[in-house]
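Remarks on the structure that follows.
Each reported figure results from applying straightforward, stated rules to the coordinates on display, with no laboratory input. All values reported here derive from a predicted model rather than from experimental measurement. Cβ atoms come from the backbone with ideal geometry, glycine included; neighbour counts cover every protein chain shown.
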Amino acid sequence: MSDEAPRTEEEFDAFFKDSYTPTVRRLMGRETRLTQADADAIVARAFHETYMRWSEVRDPQGYLWDRVVKRLIDHWRKQQATREVLCDTSERIFVRPAPMDGEPERCMDRMHVEKLIDELSPRDQRAIRLDLAGATSAQLAEALGTTENTARVCLHRAKTRLAKLVDREAEVR
């Protein structure tokens with residue numbers, strides 16, 4: 001591209017077509033802990049920001065990579081924020097009505113439920129813990145690297161599996 005600021009959408013389209021895949025590869029080569037979906041999302045966001053200022057950009061490659069690095073930093077910060085879910089272990093969760101005579105006890109303290117959560121798959125554990133921490137569907141989807149609908153289905157299935165474990169434990173007691 002020339003030293004003048006690119007002005008047309010056709011130039012941006014050509015820039016996008018030539019630069020998108022190499023930019024994703026460059027990012028994936030630099031940051032190996034990223035999933036393909038995360039890298040695509042970061043680069044797509046950077047291209048969107050580049051497009052929004054396209055008429056002012058003097059060095060498209062430099063500006064784009066600057067945007068990619070800034071979005072990567074944002075991604076890391078979000079990962080740090082969701083990595084550890086703080087829980088009050090004294091509080092009771094999944095409390096059900098008191099059993100009638102002859103029925104198994106269905107109330108469990110949080111520590112016992114946490115042990116049951118640990119028996120689930122890592123993906124189910126993450127979904128349950130994020131839900132307990134009050135994460136929205138969008139936050140859950142981002143953490144799991146899926147769409148919101150898929151995240152809701154994943155959470156529902158994780159809760160179903162956990163409920164089966166809780167019921168199994170209640171019968172043993």
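Things to note:
- Stretch gain in nm, segment ASN149-HIS112, where the contour uses 0.36 nm per residue and the Cα spacing is subtracted: 10.4 nm
- Simple spin-label estimate for GLN36 and GLU56 in nanometres, 7 Å along Cα-Cβ: 3.6 nm
- Averaging 1/r over every pair of different alpha carbons in region 127-173 and inverting the result gives a Kirkwood radius of 11.2 Å.
- The distance between label points at GLU171 and PHE16 comes to 5.5 nm (points 7 Å beyond Cα on the Cα→Cβ vector).
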